Amino acid sequence: MKKLGFGLMRLPLRDADDPTSICFEELEEMADGFLADGFTYFDTAYMYHNGASEKAVRKVLTERHERSEYTVASKLPTMLLKSKEDVPRIFSEQLERTGSGYFDYYLLHALDKNNYETALRLNCFDFVADLKRKGLVKKVGFSFHDSAEMLDKILTEHPEMEFVQLQINYLDWEDANVQSRLCYETARRHGKPVIVMEPVKGGRLAEVPAEIEAMYRSAHPDWSVASWAIRFAASLPGVFMVLSGMSNLRQMQDNTSFMKDFVPLTADEIRMTERAAAVLRGNVSIPCTACRYCTEGCPKHIAIPEYFSLYNKSKESKNGTKEYKDLIARGYGKASDCIGCRKCEKSCPQHLPITAYLKKVVGLFEGEK
Ligand code: SF4
Ligand code: SF4
């Protein structure tokens, strides 16, 4: 299997304010081109695009391609589970939404300390083992957002897990919070194959300061900036899949062009990504990956990832004030509308202090300190 997976979490939209308004014409062209180039892996989840991502699997793949042509991964939303009854109900809904008959890869979604406790309390590990016995899932694993120590605990207590999905990119590699390298080494020590998520860090490693771009271009004028990030992740031994959340045809074509016959980075090229990470660490203000896990439960409908992205782009120049006002005019709550309920912080896989960061947004765009 080729090492590039099609992440179905940032799909092309007809209406930027409606995550369910997927542009199927473009998505079908992207998926067909992806398959035609010999790639097979598609990664969705119950919560992506408010449920529309799993439905897109049916429309774009199940109804248009033979089941043997593609591989589907989906995830049990541990963060949404309230009772034991939720678990089989949601799984049945996922099968119904996708129409895929079974999942090639099925993950407990976003395990961290809290979600792991939920998964234990609601017998999720037994549930997925049973699904495997019934042939409804082929391989079971989990995606993970916590410390390497926590990962070691889960893999020790659940050696039956067949793979892990980790956030790995060259910026988070030595990050004390994300612990990409330490988690990767832990998975390797337990002998688990690794799927990489967020290799481009929600798009942040596709738009880098001019000095990094110049360094990359001087080494390889024909490589896109984003490709350095995907190549970094795919070069790691034991990584069998790198997911890229592709939002348009151009991104898909760029990714497949170099992942078709993938050649790992050389030691010199890896050193360049380390230099880039050092520069970026000095520039990053709010390390949000735009995963949107925080937005659904916000009672004030605050555009958290959009505001953080604007903040990162504009903190020097205040250029984003107009875009900020435009977002509010489109019906989003202002950053200052935040009531501090912290629902968002409980669902943030990066464990960001969202409420504190929103105060910075207020300071920059609403003229308050
Ligand atoms: S703390 Fe603020 S931003 Fe977070 S969910 Fe509550 S109101 Fe929304
Ligand atoms: S604040 Fe956290 S949960 Fe929200 S989009 Fe950013 S990384 Fe994701």
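The values are calculated or read from the model by the stated rules, or taken from the named source; none is laboratory data. All values reported here derive from a predicted model rather than from experimental measurement. Cβ placement follows ideal geometry from the backbone for every residue including glycine, while neighbour counts extend to all protein chains displayed. Side chains are part of the model used for accessible areas, which takes the heavy atoms of the whole protein and leaves out ligands, DNA and RNA. Shrake-Rupley method; radii C 1.70, N 1.55, O 1.52, S 1.80 Å.
Quick look at the values:
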quantity	calculated
Counted residues, the stretch 123-144 - those being in contact with a helix residue (DSSP H, G or I) (Cβ under 6 Å, 6 or more places away or on another chain) and open to solvent by 10 Å² or more (accessible area, probe 1.4 Å)	1
Residue in the stretch 26-41 that is open to solvent by 60 Å² or more (accessible area, probe 1.4 Å) and either closer than 25 Å to PHE125 by Cβ or within 18 Å of the chain's Cα centre (by Cα) (or both) present	no
Test: residue in the stretch 267-290 that is open to solvent by 60 Å² or more (accessible area, probe 1.4 Å) and not in a helix (DSSP H, G or I)	no
Every residue from the stretch 313-342 that is open to solvent by 40 Å² or more (accessible area, probe 1.4 Å), among the polar types (S, T, N, Q) and at pLDDT below 90	SER317, ASN319
Residue in the stretch 286-306 that is of a type in the set (Lys, Arg), touching a Pro at 6+ places or on another chain (Cβ under 8 Å) and either touching a residue at least 60 places away in the same chain (Cβ under 8 Å) or within 16 Å of ligand 1 (Cβ to nearest atom) (or both) present	yes
Residue in the stretch 203-226 that is within 23 Å of ALA73 (Cα to Cα), among the β-branched types (Val, Ile, Thr) and modelled with pLDDT of 95 or more present	no
Filtered residue count, the stretch 57-91, keeping only those that are loosely packed, with under 14 Cβ neighbours inside 10 Å, of a type in the set (Gly, Ala, Ser) and within 22 Å of LEU111 (Cβ to Cβ)	1
Residues of the stretch 295-312 that turn out to be farther than 23 Å from GLY203 by Cβ and either open to solvent by less than 20 Å² (accessible area, probe 1.4 Å) or in contact with an Asp or Glu (Cβ under 8 Å, 6 or more places away or on another chain) (or both), as a count	1
Qualifying residue in the stretch 213-223 (condition: in the same structural domain as ALA73 (by TED's automatic domain parsing), of a type in the set (D, E, K, R), open to solvent by less than 40 Å² (accessible area, probe 1.4 Å) and closer than 22 Å to GLY33 by Cα)	no
Conditions (1) farther than 19 Å from ILE354 by Cα; (2) within 16 Å of ligand 1 (Cβ to nearest atom): number failed by VAL239	(2)
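Table: residues versus (1) open to solvent by 30 Å² or more (accessible area, probe 1.4 Å); (2) in contact with a helix residue (DSSP H, G or I) (Cβ under 7 Å, 6 or more places away or on another chain); (3) under 15 Å from SER143 (Cβ atoms).
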{"position": "VAL194", "(1), (2), (3)": "no, yes, yes"}
{"position": "MET197", "(1), (2), (3)": "no, no, yes"}
{"position": "GLU207", "(1), (2), (3)": "yes, no, no"}
{"position": "GLU211", "(1), (2), (3)": "yes, yes, no"}
